[in-house]
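Here the structure is laid out as structure tokens; the discussion comes afterwards.
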Amino acid sequence: MGRREFVVVIAALMAVNALGIDMMLPALADIGAELRIADANDRQWVVTAYILGFGLGQLVYGPLADRFGRKPVLAITLAGFVAASLFAAEATTFPALLGARLLQGFMSASTRVVAVAMVRDNFSGRRMARTMSLAQMIFFVVPIIAPSIGELLLSFGPWRIIFYALGAFAAAVLAWSLLRLPETLPTTRRVALSVSTVVEGYRATLTNRHSLGYAIASSLTFGGIIGFVACCQQIFVERFGAGDRFALLFGLCAFSMGCASFANSRLVERLGTRLISQTGVFAFIALSIAHILTIAAGAETLWSFILFQALSMTCIGLCGSNFGAMAMEPVGHIAGSASSVQGFITSICGVIVGSWIGQSYDGTTLPLAVGNLLIGLAVLAVIYVVEQGRLFRPHHPAAG
């Protein structure tokens, strides 16, 4: 497999997760009506339950991928995702749907763990960041089109058809992976599966300052994305009355992340992961302050919200793959286990932060803007500790 196809397959694996989150956003109102969900904010749990399962699953798959290889773990869990999608399509109560969504997320967790581990098996440092940026550039196209796909599917049937489509996509990715994706972990590098080796892998990941610190930083920025996804349907529909343009407006915000990832893939090997990500953090903080002031002045409109959110997503796009590469750099020898722990931290903390923002929705955009500011300040504090106060410092190219 050539590098281009490898990047596309990695992006497709990551897209399974993105579609699992975003494709059903247009159907939340229909789901709420049919399953009799009284509180509109409770519909957000359709998203949150999935991401919670996604976080929990990542603790499991890393050690398995280090012991048995990347492809067997990927094959079994993608098949499980297909089954969970069918369970969700047949759910008749809200708890049953949430259970199916939790299982979906749990199964899709392997796509993140295995994708990151496979990239780390082949690349390191700035080359890893560039490869991840190229994959994420393709991956970020998915949130642009996912709500539109969801709306299109809803024109042919009820909300359940979306889950059937998710299962079909995962089955296609499974077939492609089995036929074309190479095993990137040779048997000589596989780690025996035992409690002691798992604990040691987790310990090594959690006690390394850069590994843990940048995983936390990544989780905070991911929380900003989750917060936006959780309440964007309510903001566009209820706050601005733009429900008929929801997919388009959501796509505009997501498109900016794709542009940021493309820019990062072109610049990171020359400028480094630290310079780009730290610049993104400072810009994110400045944008959040400007957004809050705009809201306080009573000048918030649909288009000012889109502008601020798109620019904020651009900043997050400049941080994500770089934080991930810096977190993985010192623990490449245990890439599967490290990816598990870091992915768990990113997902669970992201869910906590994002759910707090989403559940704070009060009919205005202020909770989202304030949440973004707090995230930016927290990320800056984490970076300051990890880098021991030396921001924008020169660094050897191999390490970013």
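The table below lists the values:
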quantity: Single residue of the range 102-130 satisfying the filter (surrounded by fewer than 24 Cβ atoms within 10 Å (Cβ to Cβ) and either among the polar types (S, T, N, Q) or not in a helix (DSSP H, G or I) (or both)) that is modelled with the lowest pLDDT; calculated: 124
quantity: Filter result for residue 295 (surrounded by fewer than 22 Cβ atoms within 10 Å (Cβ to Cβ), touching a Ser or Thr at 6+ places or on another chain (Cβ under 9 Å), part of a helix (DSSP H, G or I) and on the phi < 0 side of the Ramachandran plot); calculated: yes
quantity: The range 309-338, residues that are surrounded by 18 or more Cβ atoms within 10 Å (Cβ to Cβ), more than 19 Å from residue 378 (Cβ to Cβ) and touching a His at 6+ places or on another chain (Cβ under 8 Å); calculated: 329
quantity: Hits in the range 25-58 - residues which are assigned to a loop (DSSP other than H, G, I, E, B) and either within 21 Å of residue 349 (Cα to Cα) or modelled with pLDDT of 85 or more (or both); calculated: 35, 36, 37
quantity: Residue 43, sole failed condition from (1) farther than 28 Å from residue 320 by Cα; (2) among the charged types (D, E, K, R); (3) touching a residue at least 12 places away in the same chain (Cβ under 8 Å); calculated: (1)
quantity: Qualifying residue in the range 248-257 (condition: surrounded by fewer than 24 Cβ atoms within 10 Å (Cβ to Cβ), farther than 25 Å from residue 112 by Cβ, under 19 Å from the mean Cα position of the chain (by Cα) and in contact (Cβ under 8 Å) with a residue 40 or more places away in the chain); calculated: yes
quantity: Among the candidates 254, 217, 192, residue that is at negative phi, out of contact with any Gly (no Cβ under 9 Å at 6 or more places or on another chain) and assigned to a loop (DSSP other than H, G, I, E, B); calculated: 192
quantity: Of residues in the range 177-189 being outside any loop (DSSP other than H, G, I, E, B) and hydrophobic (A, V, I, L, M, F, W, C), the one farthest from the chain's Cα centre (by Cα); calculated: 179
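The values are calculated or read from the model by the stated rules, or taken from the named source; none is laboratory data. Just so you know, these numbers come straight off a predicted model, no measurement behind them. FYI the Cβ positions are ideal-geometry reconstructions off the backbone, even for glycines, and counts take in every protein chain you see.
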